[in-house]
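The values are calculated or read from the model by the stated rules, or taken from the named source; none is laboratory data. Owing to the predicted nature of the structure, the values given are computational and were not obtained by experimental measurement. For neighbour counting, all protein chains shown are included, and Cβ atoms are generated from backbone atoms with ideal geometry for every residue, glycine included.
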Amino acid sequence: MLQQEIEISELRLITDLIKQKYDYDFGNYAMSSFKRRVARVLELYKMEGVPTLLRRLDIDAKFFKEFLAEITVNVTEMFRDPTFWVELKTHIIPHIRQNNENFSIWHAGCSSGEEVYSMAIVLEEMGILDNVKIVATDIDHVILDKAREARYHIKNMEVNKKNYTTFGGLYNLENYYKEESGKAVMDQNLVRNVEFREQNLVTGSAFSKFDLILCRNVMIYFNQTLQNQVLRLFHESLHKYAYLAIGSKESLIWCELANKFIVVNNEEKIYKKIRD
Amino acid sequence: MNISLTKSKYNLNNQYKAIVIGGSAGSFQVISKILQNLPEDFQVPIIMCLHRLKDVRNGFVEALNIKSAKLIEEPEDKEQIRKGKIYLAPANYHLGVELGNTFTISTEGMFNNSRPAIDITFMTAAYVFRNKLIGILLSGANKDGALGMKRIAEKGGLTIIQEPSECLIDTMPTSALKETAIDYTLTTDEILDFLNQLHYHYV
Ligand SMILES: C[S@@+](CC[C@H](N)C(=O)[O-])C[C@H]1O[C@@H](n2cnc3c(N)ncnc32)[C@H](O)[C@@H]1O
């Protein structure tokens, strides 16, 4: 999938067609990773080149749904960056609770739900799961279905367990799932206060206000223009003095709205909205 | 080290904009030695993609920094590539270069069983820097980087591999040799000499 070189002009044809026909806008996705994803689709569907892909996208709406699922990068883990979760548990969440006993969290780009389950487990172990309303969104409905199902491959649980232990969870991760034919079936009770819903950060508008937004490893797939736009959406969706967490190798400092936030923890990339 | 200030045996008349270095098993000592002996005011940015443990976020860059003459940093997404800087691909992310000379990171699947994958760093850098790029591939136990070297060569960039007989494991450089023509096959000391000559050529 790395062999093929796809031209920028070809990528434009793809994003233009998709925008026109399906009302999804990938025009401001980061070029190099988007290009690799397109090359991967060509290989997966054994297409000789972009013209074949364009023809198929043009006539086959069902194929577009598959394309959407393939083009997004869904790689995720439970308790990814364990030190991030320690910081949430020991500082950020207690801080939020000083002002509101009940609060709300938005996972933007939740993928198959591992991050949401991690959050639910943290809240459960703090004894406050029922005080928190969680909304988890993603552009990719296929992956959202997986999040709702929460049946994860047993082999993926190795890294999840390791992360949970490093985080310093109170029990064993096994307490929260049962094994069924090679799958770890998560305890659905954990997500009783979670609403999973389809939302596109590119075209979506603010739908609620939150005390904490997690958008980790999502904006790395956007270019600076789109990052600016999405940060505006998050700014609008946060209460004043509420928190925003991004991936550990991302930064807001190049964004237009950066001055409306302060860094709370630079290592874990947690920000706080300080200006309306 | 004996640096000839007269005529270099290397072709350096090509305002290089960046150097990418890839390495895996057996490359740590080589990299350490290179970083230790690099002139402090070395100008061409160096972007390193080294295979490393996925779940160990801290420690690696610190270990390299202990002996390095220059500070090594793990770049963040969208960070501008700057002269005189040395960068290392972070754990569990692919590191790429984007038009406009910024970094881009990604969590997509592993390539050649690796994340970060050298091929991704090399290919994206070749796309952006074209013939103004130098690629150096060191010791390693898989074929990651071979396609990247091929791409660098296709764009007119300069390709260097570590002398296979000197490598702890030579799969990586020999895979590159099978994939593409390589400009120079050099030992660690010769790579150092090359970088020093490049440095003197630029000041
Ligand atoms: C790499 S995953 C991140 C998962 C999790 N947050 C983590 O850090 O492990 C990126 C997710 O972002 C989603 N995504 C990409 N573009 C999006 C968009 N425009 N709107 C909403 N979600 C998007 C993808 O579908 C994917 O599930």
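Taken over the range A:176-227, the criterion of being buried (at least 20 other Cβ atoms within 10 Å of the Cβ), within 16 Å of the ligand (Cβ to nearest atom), over 14 Å from A:I134 (Cβ atoms) and aliphatic (A, V, I, L, M) is satisfied by A:M186, A:V218, A:M219, A:I220. Looking only at the range A:87-142, how many residues end up being over 30 Å from A:L68 (Cα atoms) and not β-branched (V, I, T)? Residues flagged as over 30 Å from A:L68 (Cα atoms) and not β-branched (V, I, T) within the range A:87-142 amount to 21. Only one entry in A:I154, A:I143 is away from the ligand (no atom under 16 Å from the Cβ), aliphatic (A, V, I, L, M) and at pLDDT 95 or above, namely A:I154. With respect to the stated conditions, A:A258 is within 14 Å of another protein chain (Cβ to nearest Cβ), more than 15 Å from A:G109 (Cβ to Cβ) and at pLDDT 95 or above. Here is a check on your reading of the model: is A:E158 outside the structural domain of A:K65 (by TED's automatic domain parsing) and touching a residue at least 24 places away in the same chain (Cβ under 8 Å)? No: the conditions fail for A:E158.
Residue-by-condition table, conditions (1) surrounded by fewer than 19 Cβ atoms within 10 Å (Cβ to Cβ); (2) among the basic types (K, R); (3) more than 26 Å from A:V191 (Cα to Cα):
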residue	(1), (2), (3)
A:D16	yes, no, yes
A:K21	yes, yes, yes
A:V38	no, no, yes
A:T52	yes, no, yes
A:D60	yes, no, yes
A:A69	yes, no, no
A:I96	no, no, no
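Only helices (runs of 4 or more DSSP H) whose full extent lies in the range A:60-121 are considered here, and the ones with at least 1 residues that are within 14 Å of another protein chain (Cβ to nearest Cβ), within 9 Å of the ligand (Cβ to nearest atom) and without any contact (Cβ under 8 Å) to a residue 60 or more places away in the chain are A:61-71. Screening A:K19 with (1) of a type in the set (K, R); (2) touching a helix residue (DSSP H, G or I) at 6+ places or on another chain (Cβ under 7 Å); (3) within 16 Å of the ligand (Cβ to nearest atom) gives one miss only, at (2). Residues that are within 26 Å of A:N160 (Cα to Cα), out of contact with any helix residue (DSSP H, G or I) (no Cβ under 7 Å at 6 or more places or on another chain) and within 14 Å of chain A (Cβ to nearest Cβ) number at least 2 in none of the strands (runs of 3 or more DSSP E) confined to the range B:18-102. Looking across the range A:23-49, the residues that are away from chain B (no Cβ under 14 Å) and within 20 Å of A:N223 (Cβ to Cβ) come down to A:D23, A:Y24, A:D25, A:F26, A:G27. Residues in the range A:255-269 that are out of contact with any helix residue (DSSP H, G or I) (no Cβ under 6 Å at 6 or more places or on another chain) and either assigned to a strand (DSSP E or B) or of a type in the set (F, W, Y) (or both): A:F261, A:I262, A:V263, A:V264. Being of a type in the set (S, T, Y), at pLDDT below 95, away from the ligand (no atom under 16 Å from the Cβ) and on the phi < 0 side of the Ramachandran plot is a condition met by no residue of the range B:122-142. Is it true that A:S118 is closer than 20 Å to A:I143 by Cα, buried (at least 20 other Cβ atoms within 10 Å of the Cβ), at pLDDT 95 or above and not assigned by TED's automatic domain parsing to the domain that holds A:N265? Here the answer is no, as A:S118 does not meet what is asked. Within the range B:128-136, does at least one residue satisfy the condition of being of a type in the set (S, T, N, Q), in contact (Cβ under 8 Å) with a residue 60 or more places away in the chain and surrounded by fewer than 19 Cβ atoms within 10 Å (Cβ to Cβ)? Scanning the range B:128-136, I find at least one residue that is of a type in the set (S, T, N, Q), in contact (Cβ under 8 Å) with a residue 60 or more places away in the chain and surrounded by fewer than 19 Cβ atoms within 10 Å (Cβ to Cβ), so the answer is yes.
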